[in-house]
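Step one of this worksheet: look at the structure below.
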Amino acid sequence: MNSSNNSSIFSEKLKTVIEKELTRYETKRSAILPICHAIQDECGWVQEKHIDALEKEYSLNRIQVKEVLTFYKAYKQSEPKKFEIEFCDNIVCCMMGAKDAMAKIEELIEKQGVNSEFGLKGVPCLGVCDQAPAMLVNKDRHHKITNENVEKVLSRYSSTI
Amino acid sequence: MGNTSDKIKIITKYEGMPNSRSLDTYLSKGGYEGLKKSFSMQPAQIIEEVKASGLRGRGGAGFPTGLKWSFVPQNIQGPKYLICNNDEGEPGTFKDRYIAELSPHMIVEGMIIAAKAIGACKGYIYTRYEFFEEIKWLEAAIQEAYKAGFLGKNILGSGFDFDLDHYTGAGAYICGEETGLISSLEGKKGQPKLKPPFPAVSGYLGRPTVVNNTETFAAVPWIMINGAAAHKAIGTEKSAGTKLFSISGAIKRPGVYELPLGYSFERFLNDDCGGMIEGRSLKACIPGGASAPILTPEELKGLTMDYEAIAAKGSMLGSGAVMIIDDRMSMVELMKVIADFYHHESCGQCTPCREGTGWLANIMGGIYHKEGQKGDVDKLWTVAKAMEGRTICALSDAAAMPTKAITKKFGDELRAFIERGAGA
């Protein structure tokens, strides 16, 4: 609440990014999306404590921050797992076998007991339909994923798979 | 198709070149020459040249680019803005990603020329969140352009200042709509705004703003160098120039192809793309992204790839995203994917869209899970009809159009599925 500014919950690196973003655009408000991206990149997701700190330390309106966090799907609403798989389940990926590959991933996660490590969800078109089916594992994009090769791809992330 | 200059490369000129993204490579084949040319012209001349070239917006709407630029008031105090809509999210579309991968400097150069034309002081490239690598390449190109003196103060000694920055979206299809994008760039939820006022008069922060698609900007340098007439000579009378087509689905060689507008669909599919994958046959084609009404093999016969010819078949060229649907794909699944997508992406602002997309998704969910009712196909049509032309932006129509086409052209397949499901 008061200006004991050496007790920030943000790392020095994050503070530098936040301060840079706040003056980068015509208005401070435009910095909300990039700041939320930066916090999520470092902390996994943007939590209440971050929203509090953004308000206290940088006077960012919490309603405006929450508006962004709840409207945009890129922001996670809960603590992410170590590896978040986002599989495209749109037209072309479906046509090329996305559903089978997703079923295989579910089976692998279940069988290997790595529920705590891997999350899986379907997402809209990732814009790589020529390489369908496509998925993201965190920020890595993988192409032409089928129920035959998906195990090999995921084994790069976890030795248990 | 009036022109024989097949396979002219305007946007994909640097295809196959090593380090195609670097400034050095870009400069080696005429990069930034269009910029230099434009700096010897008056803003009004640049706009006239782009108007005369016949260039139309490549994001989907096909609005004449020069005309859009001319709506910006010239003699007005205060800042004007320029935005590159690189929020490529239309299912089936991946051409703008390809430009960022191949020649990010072409986007930057096109934007500087446009900025000079409308008198913009600041520009943004707004890219969808999931293009992680592409964002790095675009940011690197911007930095290189600054270092080379193509951006910043007094560009090439012309006295013209223009700053360019990059902005990353956050996973919302609706931000591909220009006023939604502007809201997002202002740090708000990406809800579209009622037009008028158009962005050219009141856009980003209430200031005159032009928003163009990535591919549109990328076509501009070539027009500056080669002239409007050369561009107008490519393609058809009303659809001038080349277009990037993102083609995907059950074909042998999916990818991004640059073709003169008016190109034969059959030649594209069978020669360029190698035809259907072995053992699969053509069931339908979505010619311009998920919102474009589906076409049957019969309708595809003799079709040419230009705005007018596809519109004459009751569909649209849109973003140039061609999805080839084969006989293994069930229209129940296709319709369900489309309905779920628009339901997921509706911003919720307008009732016909928010509720309508929900209805479509619910009905399709029921059919898909074998709980379809006898009148469901008619209900899909009725709901879609009620969603048309009643909302702030085109998302509602974008959901209604493919729904109407699928229920009309493949209604029998949906009905047969419902009957089988009910009997099972």
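The values are calculated or read from the model by the stated rules, or taken from the named source; none is laboratory data. Because the structure is a prediction, the values reported are computed rather than measured. Neighbour counts run over all protein chains shown; Cβ positions are idealised from the backbone, glycine included.
Annotation: of all residues in the stretch A:72-87 being under 15 Å from A:Pro124 (Cβ atoms) and touching a Cys at 6+ places or on another chain (Cβ under 9 Å), the one that is surrounded by the most Cβ atoms within 10 Å (Cβ to Cβ) is A:Phe87. Each residue in the stretch B:294-342 was checked for being within 14 Å of chain A (Cβ to nearest Cβ) and either in contact with a Gly (Cβ under 8 Å, 6 or more places away or on another chain) or in a helix (DSSP H, G or I) (or both), and 21 of them qualify. B:Gly366 falls short on exactly one of the conditions (1) small (Gly, Ala, Ser); (2) in a helix (DSSP H, G or I); (3) closer than 17 Å to B:Tyr173 by Cα, and that condition is (3). For the stretch A:91-123, residues that are surrounded by 23 or more Cβ atoms within 10 Å (Cβ to Cβ) and within 19 Å of the chain's Cα centre (by Cα) total 1. The set of residues in the stretch B:85-116 being charged (D, E, K, R) and more than 17 Å from the chain's Cα centre (by Cα) consists of B:Glu109, B:Lys116.
Filtering the stretch B:138-146 for residues that are more than 17 Å from the chain's Cα centre (by Cα), within 26 Å of B:Pro254 (Cα to Cα) and either part of a helix (DSSP H, G or I) or in the same structural domain as B:Pro64 (by TED's automatic domain parsing) (or both) leaves a non-empty set.
Would the stretch B:148-166 turn up any residue that is among the acidic types (Asp, Glu) and crowded, with 20+ Cβ neighbours inside 10 Å? No: zero hits. Which of the residues that make up the stretch B:167-176 are buried (at least 24 other Cβ atoms within 10 Å of the Cβ) and in contact with a strand residue (DSSP E or B) (Cβ under 9 Å, 6 or more places away or on another chain)? B:Gly169, B:Cys175, B:Gly176 - these are the residues of the stretch B:167-176 that are buried (at least 24 other Cβ atoms within 10 Å of the Cβ) and in contact with a strand residue (DSSP E or B) (Cβ under 9 Å, 6 or more places away or on another chain). Could you look through the stretch B:16-54, keep only residues that are surrounded by fewer than 17 Cβ atoms within 10 Å (Cβ to Cβ) and of a type in the set (A, V, I, L, M), and pick out the one that is farthest from the chain's Cα centre (by Cα)? Checking each candidate, the answer is B:Met41.
Residues in the stretch A:23-44 that are outside any helix (DSSP H, G or I) and either in contact (Cβ under 8 Å) with a residue 40 or more places away in the chain or among the basic types (Lys, Arg) (or both): none.
Conditions (1) hydroxyl-bearing (Ser, Thr, Tyr); (2) buried (at least 23 other Cβ atoms within 10 Å of the Cβ), marked per residue:
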{"site": "B:Pro79", "(1), (2)": "no, no"}
{"site": "B:Gly92", "(1), (2)": "no, yes"}
{"site": "B:Ala100", "(1), (2)": "no, yes"}
{"site": "B:Ser103", "(1), (2)": "yes, yes"}
{"site": "B:Met111", "(1), (2)": "no, yes"}
{"site": "B:Ile125", "(1), (2)": "no, yes"}
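Could you say whether any residue in the stretch B:383-398 is at pLDDT 95 or above, part of a loop (DSSP other than H, G, I, E, B), β-branched (Val, Ile, Thr) and outside the structural domain of B:Leu317 (by TED's automatic domain parsing)? Yes, that holds for at least one residue.
Let's see how each residue does on (1) surrounded by fewer than 24 Cβ atoms within 10 Å (Cβ to Cβ); (2) more than 21 Å from A:Pro133 (Cβ to Cβ):
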| site | (1), (2) |
| --- | --- |
| B:Lys238 | yes, yes |
| B:Ser248 | no, no |
| B:Phe265 | yes, yes |
| B:Phe268 | yes, yes |
| B:Ile277 | yes, no |
| B:Glu299 | yes, yes |
| B:Leu303 | yes, yes |
| B:Ala311 | yes, yes |
| B:Arg328 | yes, no |
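Selection of the stretch B:349-385 for residues being free of Cβ contacts under 8 Å to residues at least 12 places away in the same chain and over 21 Å from B:Glu413 (Cβ atoms) yields B:Thr351, B:Arg354, B:Glu355. Selection of the stretch A:67-106 for residues being more than 10 Å from chain B (Cβ to nearest Cβ), part of a helix (DSSP H, G or I) and not aliphatic (A, V, I, L, M) yields A:Asp100, A:Lys104, A:Glu106. Residue selection: A:Lys56 fails the criterion of being crowded, with 18+ Cβ neighbours inside 10 Å and over 19 Å from the mean Cα position of the chain (by Cα).
Across the stretch A:45-66, the qualifying residues are those that are in a helix (DSSP H, G or I) and in contact with a Leu (Cβ under 7 Å, 6 or more places away or on another chain), and the one among them that is nearest to the other protein chains (Cβ to nearest Cβ) is A:Val65. Selection of the stretch B:279-297 for residues being in contact with a helix residue (DSSP H, G or I) (Cβ under 6 Å, 6 or more places away or on another chain) and exposed (fewer than 15 other Cβ atoms within 10 Å of the Cβ) yields an empty set.
Restricting the search to strands (runs of 3 or more DSSP E) fully inside the stretch B:164-268 and requiring at least 3 residues that are within 9 Å of chain A (Cβ to nearest Cβ) gives B:242-249.
One residue alone among B:Phe245, B:Phe160 is among the aromatic types (Phe, Trp, Tyr) and farther than 24 Å from B:Ser70 by Cβ, and that residue is B:Phe245. Take the residues of the stretch A:129-143 that are in contact with a helix residue (DSSP H, G or I) (Cβ under 7 Å, 6 or more places away or on another chain) and in contact (Cβ under 8 Å) with a residue 40 or more places away in the chain: which is nearest to the other protein chains (Cβ to nearest Cβ)? Of everything passing the filter in the stretch A:129-143, A:Ala132 is nearest to the other protein chains (Cβ to nearest Cβ).
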